[in-house]
Amino acid sequence: MKLKTKASCPMCGATMEFNWETTELPYFGDALIIAGVCECGFRHSDTMLLSQREPYRHTLVVREIEDLNARVLRSSSGTIHIPEIGVDIEPGYASEAYITNIEGVLVRVKNIVEFATNAARQAQDAERTARGEEILSKIEMALRGEFSLTVILEDPFGNSAIISDHAVATPLSIEEASTLKTGMIVLDISE
């Protein structure tokens, strides 16, 4: 299916065109891709997964540098935990799906922690600055293969995965899945 719609740009108010297209994405299944570009430079793109699977947890212990190449497929409802550095990446209303690798996940986390650490430094918050520097040090060591950490990817809709021979996939119970954020409003009409 292909569809074009028009809407007002949230930045400048001009009319912009959106392209809507369904496609099959490897590992994710059927998806709706939405993309629009305005003359002012504003861009909007989103990928909405149209299928739902059983809830799953994928766990990979990153022990050696080769583990950084493991493929990570995170849907907009996926939650990533890295307990050794105290990081949880939970979906929000503007979450987007992405495909990367473990190194890419760590670089994303590093960029966010650098920003937060610089803000703490400017606010002269010594405790938060030190905590940020500690996390950044561990990420740098992990990127060099000198620090082991665990990457856990949980998805209540089963549309996320870590693809590696060393990754362990386990189903989540209904109770475990119900505690996860989904990044969207979910209505249960079965009751």
(Q) Suppose the filter is open to solvent by less than 10 Å² (accessible area, probe 1.4 Å) and not in a loop (DSSP other than H, G, I, E, B); does residue 72 pass it? (A) yes
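Residue-wise test of (1) touching a strand residue (DSSP E or B) at 6+ places or on another chain (Cβ under 6 Å); (2) at pLDDT 95 or above; (3) of a type in the set (Ser, Thr, Tyr).
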| residue | (1), (2), (3) |
| --- | --- |
| 76 | no, no, yes |
| 90 | yes, no, no |
| 103 | no, yes, no |
| 114 | no, yes, no |
Q. Quick one: is residue 148 of a type in the set (S, T, N, Q) and in contact (Cβ under 8 Å) with a residue 60 or more places away in the chain?
A. yes
Residue pairs qualifying under the 9 Å Cβ cut-off, at least six apart or on distinct chains, with the first in the range 6-32 being over 25 Å from residue 56 (Cα atoms) and small (Gly, Ala, Ser) and the second being part of a strand (DSSP E or B) and open to solvent by 80 Å² or more (accessible area, probe 1.4 Å), are 7/15; 8/15; 14/8
Across (1) surrounded by 18 or more Cβ atoms within 10 Å (Cβ to Cβ); (2) at pLDDT 95 or above, residue 66 clears everything bar (1)
Note on residue 65: of the conditions (1) over 20 Å from residue 141 (Cα atoms); (2) over 17 Å from the mean Cα position of the chain (by Cα), unmet is (1)
Listed by range, strands (runs of 3 or more DSSP E) wholly within the range 13-62 having at least 2 residues that are more than 18 Å from the chain's Cα centre (by Cα) and loosely packed, with under 14 Cβ neighbours inside 10 Å are 15-25
### Message
Could you go through the range 58-81 and let me know if any residue there is under 24 Å from residue 174 (Cα atoms) and in contact with a Lys or Arg (Cβ under 6 Å, 6 or more places away or on another chain).
### Response
no
Test residue 43 against the criterion of being over 23 Å from residue 176 (Cβ atoms), at pLDDT below 95 and touching a Gly at 6+ places or on another chain (Cβ under 8 Å), and give yes or no. yes
Output for Cβ contacts, cut-off 6 Å, separation at least six or different chains, first residue under 25 Å from residue 48 (Cβ atoms) and charged (D, E, K, R) in the range 88-114, second assigned to a loop (DSSP other than H, G, I, E, B) and open to solvent by 30 Å² or more (accessible area, probe 1.4 Å), reads 90/181
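The values are calculated or read from the model by the stated rules, or taken from the named source; none is laboratory data. What you are looking at is a predicted structure, and each value in this text was computed from that prediction instead of being measured. Please note: Cβ atoms are built from the backbone with ideal geometry, for glycine as well, and neighbour counts cover all protein chains shown. Areas reflect the complete protein model, heavy atoms only, side chains present, ligands, DNA and RNA absent. Shrake-Rupley method; radii C 1.70, N 1.55, O 1.52, S 1.80 Å.
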